[in-house]
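Please read the structure below before turning to the comments.
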Amino acid sequence: MWINSLGIPKLLPMPSTFYHSSSMKKLQNGFHFQTHTRPRAAHEPVNNGPIASDKLIGSNKGAPSVIIPPPTTTPSTLGHYLARRLVQIGVSDIFSVPGDSNLTLFDYFVAEKGLNLVGYCNELNAGYAADGYARCRGVGVCAVTFTVGSLSLINAIAGAYSEDLLVICIVGGPNSNNYGSRNILHHTIGLPDFTQELRCFQNVTCYQAVIDNVEDAQWEIDRAISKCLEESKPVYISISCNLVAIPHPSFSIQQLVPLSISPKQSNQMSLEMAVEKAVELLNSAVKPVMVGGKKLRLAKAQAAFLELVDTCGYAVAVTPSGKGLFPENHPHFIGTYWGAISTTFCKETVEIADASIFVGAILDDFESLSFSLTYKKNKAIMVESDRVVFPDGPSFGPIIMKDFLWALSKRLKPNPTAYENYRRIYIPESSPPQSEPGETLRINVLFKHIQKMLLSNMVVICEAGDSWFHSQKLKLPKSCGYEVQLLYVSIGWSLGATLGYAQAAPEQRMVLFIGDGSFQMTPQDVSTMLRLGQNNIIFLINNGGYTIEVEIHDGPYNVIKNWDYTAIVNAMDNHEGNCWATKVHTEEELVNAIEIAMGDENDCLCFIEVIVHRDDTSKELLEFGNKNAAFGSLPPKPL
C-alpha cells in the first residue's frame, strides 16, 4: 500500500527493462517482478563493513557482540535494500530510538557499510538531529517505532517541513497481518485503526508510504526518497516489522537503478518576460538594493545570487534567517534587514531605495517584525523558488530562481549608489566598555568576545531568544556557517540540531548559544554528544527564565527552576573525560574560559554556563517583544 499527500496514486517512470544479476532473467517494468511463489525464508542482515558492535555509535566496549552473517555485495532483503539506498543518497548517520517494531530493521542499518546508527535518548531530539544533519549534508534520516515513537517525533518533522529540509522519517510499523484485522495493539490509543499515525504525518510531510507487502516495497521506498529529493520536504516511510528480513528478487539488483527525479525547468518565455520587466525597473532606479533570504539554500541559488551582486554592485543585505547564506566579507554586504531592529544603517539603506529585489525571502510575522517593514513595496521584486512576482501584480512562472538570477546578471547595469550612500552614513557600533573587576557579566560583553573567537571552520547555531538578536550583529568570517529556526521556533531545537550538524561535518566546530529555559527542554542531547565524542562549544545563558517571553508578556510562568547546569553536564560525562564544563560570572572568567575552550580543551565538548542578570537583554529584544505583543493583542475584526 502506498499513499501520497493527495491520496492519488501515480506511476514512477523507470527504465523499461533490466536484468536480475544472478539468473540473467529479463525483468519487466523496473520495479515489479513476476514470481510464482512468495519467498518464505527470512534472511539475516549481511555485514557489508566493520563489525556491527563497532559501528553502533556510542556502544560500550565490552557489551555483548552482535553476530553478523558472512558479507555479501548485493542486497537481498527489504532492510538491506533500504540501508543501501540511504547510503547511495549520501546518508551516513541515522538518528534512532529503538522499539520492538524496528529492532530487526536496525540490525540491517548497523550491518551496512558506510552507515552509522546513532542511538538517541528520545524521538523528538532525534528529529532535531536529523534537521541539523540535513542542513549540512542535504538529507537527514531518523528512525523510530510505531505511533508512540513517531508521534513524539512529529514536532521536529513539522519544523523540518517549515525549513524545506530533506528528512526521511522511518517508522517500524506493526506486523502486516494486523492491517485489516480487529486486533488492538500496544503503542496505539486502543482502537483497531492503524492509520492514526499516517493521518498525523500527512500534514507535515510531502509523501507517505506504508509498506505492508514486499512485492511493492522497492517501488515504494524509491518513490518516497524521490519525492523527498524533488520537493525538498520530509517524507514518511512505515515498514511492517515482519517484512524487513524477507528476501525478494527486486532487492537483489547488484547495481541500484537510478532514482527517478522529475527535473524542474523554467518556462523560457516566462523567464524572458520576467527578466525584461526586472531590467526595466532596476536599470531605471537611482539606488536599488538586493536582499537575500533563506530560500536561497532551497533553490541552490547562492552562487547565482553572488554573481548577480558582483555584476550589479548593489548594496546587499540578508533577512535574519538568510544570515550565513551570503559571504559577509563581501565588499557590498551591509548586514541584516529586520525592520526597526536591523543591523546598523541597514534599515535606512533598504527602505530609502527606489527599487529592490528580494531573493528567497519569507517575510512572515517574525521576519517582518510583525509586518512592520516599510521598504517600498510598490518598487520591490520578489524572487521565489519557482516564480518571480512584480510589485504591480503580475507574476511569472515556472521560473527556477537561479535561472532568473543568471539571466538577470547578464542584463543589469552596475549601480553602486545605494552602497556608496550606506558608506557615507555608516558609523560603526561602539564596543561595550570593559567590565570593572568583579562586575556581573553582561550579554553584550559576551558577544564582544564571541566575535573575537569565531573562525572560518565554525558554525554558529542560535536558539530562540536574545541570542537571535546578538548573533545577527556578528560578522561571520569567510566560510563560517550560521543556523537558526526562525519560523517554527520550537524551543530546544538547537541542541539536537547542533549534534546533527556536527555529526554531518566533523571537520567543523559548532558554537551554540542557548538559554536555560530552552536547554531544559532537550538536555539529553549533551549525553549523546559526549557518546559521539563531539567537540562543540555550548554557551548556556543562564538568566533564570524565558526572557523572550518576559519581553512579550511577563508573568510568574516565565520563571523556571534553576539547575546546576555544569554539574548536570559533568554527571552526564560520568568521569570519562570527554567534556570540560565551567561557570563564568565576570568578563575575566569568560575570557579565560574561551582561551581554554579554544586551546587545551579544543578536542572535547566545552560547556560554558554564563550567569547574567534576568533583565539583561538587547534593545532589539525589547523592540521585538513590544511589536509582537501589540500584534498579538489586536482586537477582533467587527462582524
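Taking square-rooted eigenvalues a ≥ b ≥ c of the alpha carbon gyration tensor, is the chain rounded, prolate or oblate, where a/c under 1.5 means rounded and, failing that, a/b exceeding b/c means prolate?
Oblate.
Using the crude model of +1 on Lys and Arg Cβ and -1 on Asp and Glu Cβ, and no other charge, please compute the dipole size for the chain relative to its Cα centre, in debye to 20.
Charge dipole of the chain: 2060 debye, to the nearest 20.
How much length is gained if the chain between K619 and S92 is pulled fully straight, taking 0.36 nm per residue apart and subtracting their Cα-Cα distance, in nm to one decimal?
Contour length minus the Cα-Cα distance gives 185.5 nm.
What aspartates and glutamates does K627 reach when the alpha-carbon gap must be under 13 Å and sequence neighbours fewer than 8 apart in one chain are set aside?
D365, E367, E549, E551
Could you check what % of the DSSP bridge pairs in the stretch 350-478 are antiparallel, to the nearest 5?
Looking only at bridges with both residues in the stretch 350-478, the antiparallel portion is about 50 percent.
Once amide H atoms are built 1.01 Å from N in the peptide plane, which residues 5 or more positions from V167, or in another chain, come under 5 Å H to H?
G140, V235
Just the number, please: percent antiparallel of the DSSP beta bridges in the chain, rounded to the nearest 5.
In the chain, DSSP labels about 15 percent of beta bridges as antiparallel.
Residue by residue, what Karplus-based ³J(HN,Hα) values in Hz, rounded to whole numbers, does the stretch 474-486 have, using 6.51, -1.76 and 1.60 with θ = phi - 60° and x for Gly and Pro?
Ordered by residue, 3J(HN,Hα) equals 5, 8, 6, x, 4, 6, 6, x, 8, 9, 8, 10, 9 Hz.
To the nearest 20 debye, what charge dipole does the stretch 575-639 have about its Cα centre, counting +1 at the Cβ of each Lys and Arg and -1 at the Cβ of each Asp and Glu?
820
Report the extension gain between R411 and Q268 in nm, rounded to one decimal, defined as 0.36 nm multiplied by the number of residues separating them, less their alpha carbon distance.
49.9 nm
Rounded to the nearest Å, what's the spacing between the alpha carbon centres of the stretch 77-106 and the stretch 165-180? Just the number, please.
Value for the Cα centre distance between the two parts: 12 Å.
5 Å is the cut-off here: which amide hydrogens, built 1.01 Å from N in the peptide plane, fall below it relative to G173, excluding neighbours closer than 5 in sequence?
I239, S240, C241
For F631, put the label point 7 Å out on the Cα→Cβ axis and report which residues of the stretch 299-320 keep their amide N under 20 Å from it.
318-320
Could you list which residues have their amide H under 5 Å from that of G313, counting only those 5 or more apart in sequence or on another chain, with H placed in the peptide plane?
Answer set, sorted by chain and number: N415.
What FRET efficiency comes out for the pair R442/E307, r = Cβ-Cβ distance, R0 = 45 Å, nearest 0.05?
Between R442 and E307 the formula returns 0.65.
Given N residues in the stretch 474-532, what is Rg(Cα) / (2.2 N^0.38 Å)?
Output field value: 1.17.
So how do V489, V171 rank on accessible area, 1.4 Å probe, biggest first, that is with the largest at the start?
V489, V171
With every protein chain left in place, what is the accessible area of R137 in Å² (1.4 Å probe, nearest 10)?
Estimated to the nearest 10 Å², R137 gives 90 Å².
Where the only charges are on Cβ atoms (+1 Lys, Arg; -1 Asp, Glu), what is the dipole of the stretch 213-333 about its Cα centre, to the nearest 20 debye?
Computed charge dipole of the stretch 213-333: roughly 420 debye.
Modelling each spin label as a point 7 Å along the Cα-to-Cβ direction, I'd like the Q255/R199 distance in nm, to one decimal.
Label-label distance for Q255 and R199, simple model: 4.6 nm.
If you average the sequence gap of Cα pairs under 8 Å that are 6 or more apart and divide by the length of the chain, what percent do you get for the contact order?
Here the relative contact order equals 12 percent.
Given the pairs K561/K583; K264/K323; K402/K475; K402/K478, which span a C-alpha to C-alpha distance of over 19 angstrom in this model?
From K561/K583; K264/K323; K402/K475; K402/K478, over 19 Å: K264/K323; K402/K475; K402/K478.
Go from 0 up to the bin containing the longest alpha carbon distance in the stretch 488-639, width 5 Å each, and give me the % of pairs per bin.
That works out to 2, 9, 16, 20, 18, 14, 9, 6, 3, 2, 1, 1, 0, 0, in percent per bin.
The values are calculated or read from the model by the stated rules, or taken from the named source; none is laboratory data. Since the structure is predicted, the reported quantities are computational estimates derived from the model, not experimental observations. Virtual Cβ from ideal backbone geometry, glycine too; neighbours counted across all protein chains shown. Ligands, DNA and RNA are excluded from the accessible area calculation, which covers all protein heavy atoms including side chains. Shrake-Rupley method; radii C 1.70, N 1.55, O 1.52, S 1.80 Å.
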